[in-house]
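In what follows, a single structure is set out as structure tokens and then discussed.
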Amino acid sequence: MSEEQVLVLARSALSEARFEPRGQMEHDPSWKQIIPYLVLRDGRDYYLMRRTRAGADRRLHDRYSIGVGGHINPGDGGLLGGLRREWQEELEADFEPEFRLVGLLNDDATDVGSVHLGVVFLANLELGFLFPPMGLNLFLSASRFQKPLPLLYRKALPFLVIMAVGVLLITYVPAITTGVVALLTPPR
């Protein structure tokens with residue numbers, strides 16, 4: 001499914017959506033709660049979270065997740081507002097990355113999945129560690145090696161450009177990463 005098709009489907013579903021009491025909807029699979037779901041990538045690595053028993057929803061205890069998701073609240077202003085709020089609530093970061101819509105997630109095999117439809121977004125985090133204001137790696141290097149930060153940026157610029165091109169290609173040409181899986185997956 002293309003990004004445009006996902007957008008059309010998500011907009012269509014959201015145009016028919018309404019807010020209902022969450023407690024009632026959490027256990028009624030005749031309803032699907034539309035949630036933003038964020039997958040985080042840092043270069044070739046993906047974020048993986050193991051839910052602890054400290055969480056309020058026991059259905060999620062000791063389960064693994066490749067992203068973070070949450071409900072849309074009436075004050076969020078829609079799906080992207082809910083996504084931004086979830087980013088701020090779930091992660092400790094002083095920046096907001098670019099979010100790229102990549103697909104839908106529907107898993108009726110679990111109690112949680114049977115009542116949720118995830119609109120999946122991808123965020124690449126590697127560039128946030130290199131470019132201002134979050135150039136953490138370069139800030140640490142400047143401090144450790146007693147070199148001025150502008151000098152380090154000039155020296156690192158060719159590598160930053162190469163990395164930026166690589167991240168953009170991986171982000172906007174999904175076949176680069178998903179093509180191998182498609183080739184290895186037997187036809188149904």
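Each part reduced to its alpha carbon centroid, segment 1-20 and segment 66-89 end up 15 Å apart. Stokes-Einstein, applied to the Kirkwood radius of the chain over Cα pairs at a viscosity of 1.306 mPa s and 10 °C, places its translational diffusion at 84 µm² s⁻¹. With neighbour counts taken as other beta-carbon atoms within 10 Å, the residues T177, T185, T171 rank, fewest first, as T185, T177, T171. Relative to the longest principal axis of the Cα atoms of the chain, the long axis of helix 79-90 makes an angle of roughly 70 degrees. As a proxy for reagent exposure, ranking V181, V173, V68 by other Cβ atoms within 10 Å from fewest up yields V181, V173, V68.
Relative to the dominant Cα principal axis of the chain, helix 3-15 is inclined by about 40°. Across the chain, Cα pairs under 8 Å and at least six residues apart give a relative contact order of 21 percent. The residue among G82, V165, P148 whose Cα reaches farthest toward the positive pole of the charge dipole of the chain, with charges on the beta-carbon of Lys, Arg, Asp and Glu, is P148. Fully extending the segment from E90 to A109 would add 4.3 nm, taking 0.36 nm per residue of separation and subtracting the current Cα-Cα distance.
Bear in mind these aren't lab numbers, they're just calculated from the coordinates by the rules spelled out. The model shown is predicted, which means the values in this text are computed figures rather than measured ones. Please note: Cβ atoms are built from the backbone with ideal geometry, for glycine as well, and neighbour counts cover all protein chains shown.
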